[in-house]
Amino acid sequence: MKSLVLVSVPVLNFLNSISPPDLCNLTRLQVHESLAHASDGREEATRRLDLLVRKHIRALEVLDITCHTNLFHIDSILQHGGSLRQVHFRDHVGFTDDDDECPTLRAEDVTRLGQGLPFVHTLELDMDVALCYPPEFLRGIASFPMLQTLILHVQTLLRATEKDDPARDRDYESAMQMFSCLVRLREKSNPDLAWKSITINVGGWRRVMLRRMGPEWRRKNARGIFAERCFVLEKDENGRYRVAEQECHDGSQYISTSQL
């Protein structure tokens, strides 16, 4: 078996049903457990995934997992430094709730990954600015020598109870600062390798989604102020970097009346 994809299934139940050595030849591991499944087994599932990646799988090329990131060892990822091309490493907490802090890698661990994963061209991480120093975190990202596609998840800077400021767009301003920092760091470290795309995903944005449901957020949304945004930097046909905001679809139209 070369590829294993576990999406919206009880991960721990699956791991209990298999012999880890049977997965030694995996090159792609994708694991995303649904919120509908019990959360009490997620910590153990993360520990088992960590052991699987560190001790049993020989040479992963794609690691795409949502887990308890503080229980998944960086060394387990570095074990596959000679083969990994894509790393998508996210925490269950995410950024859909304003009050939750999303576990975030230390900047020095991001730098370790950059130094130990020389062939990674695509990276996806969480960055809670309340738990790290963003300039150092971004510097760690820029240390990946072959990285060209980045997806960075962050929390909105808005708060539901704050008074609106029509003169500012804080999440857009923050995204532009991160884009500028990453472009500048790349031009300094490796000017011959341009970014293909950088995505700043704010507040748990999805292509099809339900926006925040509290009364304060409903009032803000009615005024066109949203916590969930997505900004993408790419090069245009003239080779210049351009930033565009992505649109989403209202997920409520896909919910049947029996689910409401």
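The values are calculated or read from the model by the stated rules, or taken from the named source; none is laboratory data. Quick caveat: nothing in here was measured; it's all calculated off a predicted structure. Please note: Cβ atoms are built from the backbone with ideal geometry, for glycine as well, and neighbour counts cover all protein chains shown.
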It is to be established whether one or more residues within region 139-147 are buried (at least 18 other Cβ atoms within 10 Å of the Cβ), of a type in the set (D, E, K, R) and not in a strand (DSSP E or B). yes
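Residue-by-condition table, conditions (1) surrounded by 14 or more Cβ atoms within 10 Å (Cβ to Cβ); (2) modelled with pLDDT under 95; (3) polar (S, T, N, Q):
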position: D165; (1), (2), (3): no, yes, no
position: R186; (1), (2), (3): yes, no, no
position: V208; (1), (2), (3): no, yes, no
position: A222; (1), (2), (3): no, yes, no
position: C230; (1), (2), (3): yes, no, no
position: Q253; (1), (2), (3): no, yes, yes
When (1) surrounded by 14 or more Cβ atoms within 10 Å (Cβ to Cβ); (2) in a loop (DSSP other than H, G, I, E, B) are applied to P191, the one that fails is (1)
Residues (part of a loop (DSSP other than H, G, I, E, B), crowded, with 20+ Cβ neighbours inside 10 Å and not aromatic (F, W, Y)) located in region 80-101: H80, L84
Members of region 90-125 found to be closer than 20 Å to L210 by Cβ and of a type outside the set (F, W, Y), listed by number: R90, H92, V93, G94, T96, D97, D98, D99, D100, C102
Within region 198-235, the residues that are out of contact with any helix residue (DSSP H, G or I) (no Cβ under 7 Å at 6 or more places or on another chain) and β-branched (V, I, T) are T199, I225, V232
For region 102-128: of the residues being assigned to a loop (DSSP other than H, G, I, E, B) and over 14 Å from the mean Cα position of the chain (by Cα), which is farthest from Q30 (Cα to Cα)? R106
Among the residues of region 15-22, is there at least one that is among the aliphatic types (A, V, I, L, M), modelled with pLDDT under 95 and under 17 Å from D91 (Cβ atoms)? no
So which of Q86, Q155, Q177 is out of contact with any Leu (no Cβ under 9 Å at 6 or more places or on another chain), of a type outside the set (V, I, T) and touching a residue at least 12 places away in the same chain (Cβ under 8 Å)? Q155
